[in-house]
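**Q** Here it is, the structure, as structure tokens.
Please treat every number below as a calculation from the coordinates, not as lab data. None of the values given here were measured: they were computed from a predicted structure. Counting neighbours? That spans all protein chains shown, and the Cβs are built from the backbone with ideal geometry, glycine included.
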Amino acid sequence: MIQLKTVLNCIDNSGAALVECALVIGQKRAAQIGMHRSSLFPRSNYPQADRPITNSRLFWIALGQPANQIPRLGDRIVVVVKEHRGASASGMAGVSAANKVKRGDIRHAVVVRTRYPVQRRDGSCVKFDDNACVLLNKAGDPVGSRINGVVGAELKRKKWSKILSMAPSQA
């Protein structure tokens, strides 16, 4: 489960190795509006004038997601780069000049893998080995030009086709 202060792997070639979740934003879920009849006093012995108004009227409620919900696959989060993928970590000498992010940078990201099980519409349940994300720029495009590793197929439903096209495989 991803929440604030959770450390995620960054699986693109932007230069970040580990990032920390700082804020959950932009969940691509629309709130639904529906009708709901209040049942506070279903069998009340009060006279009609003394009954609560909510018992006799229909009112509208929002059936959307709560504001503090945990991010799932395809949701946008704000992250802080905790560990930079430097030349010593990968064993290559010329990598540091091509890195696009530095340690301490605050960036937007998309969650592409979670350890929390995801129930799919066909009944199958998918659970990955780690939590991973892909960094985004201000326009919403990936910062890196490659993605290393598998991403969830739920990204297709959330309209992240550019990330899916760069990924080697989907699960």
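**Q** Give the long-range amide H neighbours of ALA17: residues separated by 5 or more places, or on another chain, with amide H under 5 Å away, using H modelled in the peptide plane at 1.01 Å from N.
**A** For ALA17, whose amide H was placed from the backbone, the distant partners under 5 Å are GLU83, HIS84, ARG85.
**Q** List the residues whose amide H sits under 5 Å from the amide H of ARG113, counting only those 5 or more places along or on another chain, with H placed 1.01 Å from N in the peptide plane.
**A** ALA132
**Q** Now, a different point. Among the lysines, which fall within straight-line cross-link reach of LYS159, defined as a Cα-Cα distance under 16 Å, with same-chain neighbours fewer than 8 residues apart omitted?
**A** LYS28
**Q** Could you sort the peptides 124-130, 80-86 by per-residue average Cβ neighbour count (10 Å cutoff), highest mean leading?
**A** For the peptides 124-130, 80-86, the packing ranking is 80-86, 124-130.
**Q** From the backbone phi of segment 131-138, what are the Karplus-calculated ³J(HN,Hα) couplings (6.51 cos²θ - 1.76 cosθ + 1.60, θ = phi - 60°) in whole Hz, Gly and Pro given as x?
**A** Karplus values, whole Hz, x for Gly and Pro: 9, 9, 9, 10, 6, 10, 8, 5.
**Q** Also: Which links in LYS82/LYS162; LYS138/LYS158; LYS127/LYS156; LYS100/LYS162; LYS127/LYS158; LYS82/LYS158 stretch past 22 Å when you go from one Cα to the other?
**A** LYS82/LYS162; LYS82/LYS158
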